[in-house]
Structures are given as structure tokens and as C-alpha cells.
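Participant: Below: one structure in C-alpha cells.
The values are calculated or read from the model by the stated rules, or taken from the named source; none is laboratory data. Remember, it's a predicted structure, so these values are computed and weren't measured experimentally. Quick reminder, even Gly has a Cβ in these numbers, built from the backbone with ideal geometry, and neighbours come from all protein chains shown. Ligands, DNA and RNA are stripped out before the accessible areas are found, and what is left, the full protein with its side chains, is counted by its heavy atoms. Shrake-Rupley method; radii C 1.70, N 1.55, O 1.52, S 1.80 Å.
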Amino acid sequence: MPKTEDVVMKNGGRRINATYLYADLAGSSKMANSLHKETTAKIIRAYINTASRILRNFGGEIRSFDGDRVMAIFMGADKETKAVRAALAINWAVFEVLRPKIKESWSNGEKFANISHGIGIDTGEALIVRGGVRDRNDLISIGKAPNRAAKLSEIRDAYQLTITSEVYEAMDNEVAFTEEGKRLWTQAYRRNDSGVNERVFRSHAYWGV
């Protein structure tokens, strides 16, 4: 993964083959309107901090934060497997750590403890460029993989995790099935911005760190 100083500002860029993961907390605007700002801030911070630690634990390179969303890049031969494993662990943390902690921490925590989120993952080639102005710039990923991963993280329904068919086909069976052989992922079709139905795989499974 190139560092910021590895890419020149003017007409510079690096092509990489990588897996992109976006983890996005749902309903933060609604929380901000119904809860104290300090409470909302604590919940967002807990989600971002937890997700970031898990992403780094499984080899992800944190590349950006956007409010209540974090993006990580995975590289290497097993990049898809590592990204999916991280997603399952983040989902576990939401259900088994963050939700119970919210219930315990506030007297009315039961009302807003069931926070939800979405994770999107795609894999492929991307162009890394440097954007911004002198002394205030960072790396930007351009390509289908980062765009699709970001879009998939915005889906809000019973399935928290959505991966593309490219990720599903490349990842190891250890993150596709349980130890008993039960399939963790359900096939679905999603209409993209071009109006084309894309095959994706979705899950509400979780797996502890």
C-alpha cells in the first residue's frame, strides 16, 4: 500500500489490486436529533474505534474516515478472506459488545441500544492518486472496487454485510461456511447506478475476534 509521500501531487498515481471495505454506522443523523450530542458522539466514536481496531487486526490499512464511516484497504493473496473475516468480526462486535454496552451505560439505553450498520466489500484494481493542496492532502482511491464497496455499505435492511460476487468467488471457504457446513451467505441481485442487476452475496452472520 503506497504512503502519501510515495505519490506525487501533480499527475502522480499508483495502480493497485486490492479489496476495499466500508463500514458505516446507520442512523447517526436520527440519533443526533433524538439524543444528547455527547451521547451520539460516544456511540459513533465507539463504533469507529471498534471497527478500526478489528480492521487493523485482520491486516486492513485504514485509509479514510467520513463521519460515522471508516474505509480500509486489504492487499495480498488472501485479501478477500481477510476483509470478509474482519466484516464478520465487526458485526459480532455490534451485536455482542456495543449493543449490550449501550444498554448498560444509560438508564434509557434500551430505547436506542439496537444500533445497526452496513458493511460493503469489493475487490479489484484501483488507481491511487494524491488530492488536496500543499500540506493538506491525502490519497484518494479511484475505481469500481472502492465505489461499489461504498455503495453496498449504505444498504439498510436485515442483512448487515454485502459483498460482490468477485469477493465471494475469491475468498476461502472458512469465511463462506460454518464449521458444520452451513452457508453463511445468501445470493441476491442489486440494481447498480447504471441500471444493471449485479449479483451480490449478503449475510447477517457474525464471528468473534
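Participant: Quick one: dipole size for the range 55-157, taken about the Cα centre, charges +1 on Lys/Arg Cβ and -1 on Asp/Glu Cβ, in debye to the nearest 20.
Facilitator: It works out to roughly 120 debye.
Participant: May I pose another question? Let me check the size of the range 109-207 from its C-alpha atoms; what are the radius of gyration and Dmax in Å?
Facilitator: Cα only, the range 109-207: 16.6, 54 Å (Rg, Dmax).
Participant: How big is the charge dipole of the chain about its Cα centre, in debye rounded to the nearest 20, if each Lys and Arg gets +1 on its Cβ and each Asp and Glu gets -1 on its Cβ?
Facilitator: Taking the Cα centre of the chain as origin, the dipole is about 560 debye.
Participant: If DNA, RNA and ligands are ignored and the probe is 1.4 Å, what is the ranking of Met75, Met171 by accessible area, most exposed first?
Facilitator: Met75, Met171
Participant: Where both partners of a DSSP beta bridge lie in the chain, what percent of those bridges are antiparallel, to the nearest 5?
Facilitator: Around 95 percent antiparallel, to the nearest 5.
Participant: Around Glu174, under 14 Å between beta carbons, what's the net of Lys plus Arg minus Asp minus Glu among the other residues? Intermediate results must be reported in sequence, preceding the final value.
Facilitator: Values: positive: Lys82, Arg85, Lys182, Arg183; negative: Asp78, Glu80, Asp172, Glu179, Glu180.
Summing Lys/Arg as +1 and Asp/Glu as -1 gives -1.
Participant: Given 0.36 nm per residue, what is the gain on full extension from Ala77 to Asn49 after removing their alpha carbon distance, in nm?
Facilitator: The Ala77-Asn49 span can extend by a further 7.4 nm.
Participant: Local charge sum around Arg56 (other residues, Cβ-Cβ under 12 Å, Lys/Arg +1, Asp/Glu -1)? Walk me through the numbers on the way to the answer.
Facilitator: On the way: positive: Arg53, Arg63, Lys82; negative: Glu61.
Net charge around Arg56: +2.
Participant: Using θ = phi - 60° and the Karplus form 6.51 cos²θ - 1.76 cosθ + 1.60, what ³J(HN,Hα) does each residue of the range 144-160 get, whole Hz, x for Gly and Pro?
Facilitator: 5, 4, x, 5, 5, 4, 5, 5, 5, 6, 8, 5, 10, 7, 6, 9, 7
Participant: Ordering Ile16, Ile155 from largest to smallest accessible area (1.4 angstrom probe), what's the sequence?
Facilitator: Result, largest first: Ile155, Ile16.
Participant: Follow-up. Within the range 59-167, which GluC sites (Glu not before Pro) sit in a loop by DSSP and count at most 15 neighbouring Cβ atoms inside 10 Å? Let's see the in-between values first.
Facilitator: Values: sites: Glu61, Glu80, Glu96, Glu104, Glu110, Glu125, Glu154, Glu166; in loops: Glu154.
Listed in order of number, the matching sites are Glu154.
Participant: Let me ask something additional. If you take percent of Cα pairs over 24 Å apart from the coordinates, which of [x] 43; [y] 54; [z] 48 do you get?
Facilitator: So the structure-derived entry is [x].
Participant: Choose one of Phe177, Gln160, Ile142: the residue whose Cα lies farthest towards the positive end of the charge dipole of the range 137-181 (beta-carbon charges +1 Lys, Arg; -1 Asp, Glu; about the Cα centre).
Facilitator: Ile142
Participant: For the chain, compute the number of Lys pairs whose alpha carbons are separated by less than 24 Å, excluding pairs fewer than 8 positions apart on the same chain.
Facilitator: Lysine pairs meeting both conditions in the chain amount to 23.
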